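Structure incoming, see below.
The values are calculated or read from the model by the stated rules, or taken from the named source; none is laboratory data. Here the structure is a predicted model, which means the values were calculated and not measured. So basically every Cβ, Gly included, is an ideal-geometry build from the backbone, and we count neighbours across all protein chains shown. We work out accessible area using only protein heavy atoms, side chains counted, and drop any ligands, DNA or RNA first. Shrake-Rupley method; radii C 1.70, N 1.55, O 1.52, S 1.80 Å.
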Amino acid sequence: MVDVILGLQWGDEGKGKIVDYFAKDYDLIARFQGGPNAGHTLYVEDKKIVLHQIPSGVFHASTINLIGNGVVLDPVTLKKECDAVASFGVDLTKNLFIAERTHLILPTHRALDKAAELSKGSQKIGSTLKGIGPTYMDKTGRNGLRVGDLLDKNFTTSYIKLRLKHQRLLDNYGFPDDISSWEEEFFEALEFLKKLNIVNGEYFINNQIRHGKKVLAEGAQGSMLDIDFGTFPYVTSSNTISAGVCNGLGVAPQLIRDVIGVTKAYCTRVGGGPFPTELENEIGEELRKMGNEFGATTGRPRRCGWIDLVALKFACMINGVTKIVMTKADVLDTFKELEVCTSYMLNGKESQEIPFQMDRHKFEPVYKSFKGWNIATNAAISYDGLPDSMKTYVDFINQYLGVKINFISNGPGREQLITVA
């Protein structure tokens, strides 16, 4: 069977630590979508490392890691990641595998991403400029190059053909940047990529399942950034929800067992787009400061706000969430009062549904207030050791969502994850 860990908000929920925590219980960890626009932060031997494309189980010696076909892969970023991981003594030739159907991010994809974003002016969507969107566009437009193509003698010809097509688009944008240095780095990284384990991903993972191996599928970004169900057009270019596991790895729906959703105890968002509970005041600034809310990939300050249960319940519904992990609960330790969004006021009417196009509506969040706990919780090792005020907060969220919070993260360390009785 396949279990899934994915984000229930706008990404940055702390999925990397959670996958790393659970990885020891699984034989194979697989990334099923996204690309180097993701940043999964881990602490290994008290050292911080950010993984962008490599699955977060890579530091467990007995665990196999697969980059699935639903991912778009930047060879340059991958090489840098592999070098960083190898510095911890990890032998990637033994535990990292890449599906041959995985699409490649070319230097011109990155250029097109930047050119398109610049052309939008004030309507920017907040792209990470990693080439994700243009690569997925080539995938659906049947133009893309895939990892398996590297082994074909005509790869260079195919690359030149696609590059020329991209150059015409860049000329239309009037894009002035010289990307020759990007290309040099790209082809060096391709030689490195060829030496890794390239496999027929769907047969590889299904053979593992057939032999009784436990598989954990790891998502990137969050459900509210899903290309279909997120806050379109301020979304990513892939299906971040549990349904994306089937497309992104080649596994059948009936093989999915638990869907473990990760949410912060509050909300954050990077980039543009609707954010109903955003706090553009000293409280939002305090959340940012206490939570160190800066993008793992971009370094950009994250927008911060109270937890949005309308959006969270929607995410639980479309994902079929069976368990919830709440992260960064300790960030709320210093607040005397907490707010929880339970509905929206839309055109004078109260609603508990996500509207079709959030940025077309002027709406106000309706809040329920809770007393803060005002004591440090990062040393707690059991649910009984948490303050009653936090338990009240958690119990209300459980009742509202109809799904239980099974784990509470109270710090960045691997051991700082409390099982809820």
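Being in contact with an Asp or Glu (Cβ under 7 Å, 6 or more places away or on another chain) and modelled with pLDDT of 95 or more is the filter here; which residues of the stretch 232-248 pass it?
Answer for the stretch 232-248, where residues must be in contact with an Asp or Glu (Cβ under 7 Å, 6 or more places away or on another chain) and modelled with pLDDT of 95 or more: Asn239, Thr240, Ile241.
Regarding Lys313, is this residue in contact with a Phe, Trp or Tyr (Cβ under 9 Å, 6 or more places away or on another chain), surrounded by fewer than 20 Cβ atoms within 10 Å (Cβ to Cβ) and charged (D, E, K, R)?
no
In addition: Looking only at the stretch 30-73, count how many residues are outside any loop (DSSP other than H, G, I, E, B) and open to solvent by less than 30 Å² (accessible area, probe 1.4 Å).
14
From the list Ile105, Ile160, which residue is modelled with pLDDT of 95 or more and closer than 28 Å to Asp228 by Cα?
Answer to the selection: Ile105.
Another question, then. Residues Met224, Met290: which one is open to solvent by 40 Å² or more (accessible area, probe 1.4 Å) and not in a loop (DSSP other than H, G, I, E, B)?
None of the other options fit; the residue is Met290.
Could you list all residues from the stretch 360-384 that are of a type in the set (A, V, I, L, M) and touching a strand residue (DSSP E or B) at 6+ places or on another chain (Cβ under 9 Å)?
Within the stretch 360-384, Val366, Ala380, Ile381 qualify.
Can you find, within the stretch 332-369, the residue that is nearest to Cys267 (Cα to Cα) among those that are among the hydroxyl-bearing types (Ser, Thr, Tyr) and out of contact with any Ser or Thr (no Cβ under 8 Å at 6 or more places or on another chain)?
Thr342
Continuing with this model, one more query. Being open to solvent by 30 Å² or more (accessible area, probe 1.4 Å) and closer than 16 Å to Asn410 by Cα narrows it down to one of Lys349, Lys371, Lys391, so name that one.
Criteria check complete, one pass: Lys391.
Also, I was wondering about something else. Can you tell which of Ile375, Ile418 is out of contact with any Gly (no Cβ under 9 Å at 6 or more places or on another chain), under 20 Å from Asp333 (Cβ atoms) and not in a helix (DSSP H, G or I)?
Ile375 is the lone residue from the list that is out of contact with any Gly (no Cβ under 9 Å at 6 or more places or on another chain), under 20 Å from Asp333 (Cβ atoms) and not in a helix (DSSP H, G or I).
Could you check Ser382 against (1) more than 19 Å from Glu286 (Cβ to Cβ); (2) of a type in the set (Ser, Thr, Tyr); (3) touching a Leu at 6+ places or on another chain (Cβ under 8 Å) and say which number it fails?
Against the list (1) more than 19 Å from Glu286 (Cβ to Cβ); (2) of a type in the set (Ser, Thr, Tyr); (3) touching a Leu at 6+ places or on another chain (Cβ under 8 Å), Ser382 comes up short only on (3).
So which residues in the stretch 1-57 are modelled with pLDDT of 90 or more, of a type in the set (Asp, Glu) and farther than 17 Å from Ser223 by Cβ?
Within the stretch 1-57, Asp25, Asp27 qualify.
Quick one: would you say Gly126 is among the small types (Gly, Ala, Ser) and more than 25 Å from Gly230 (Cα to Cα)?
no
Any residue that is among the basic types (Lys, Arg), modelled with pLDDT under 95 and touching a helix residue (DSSP H, G or I) at 6+ places or on another chain (Cβ under 9 Å) - is there at least one of those in the stretch 116-126?
yes
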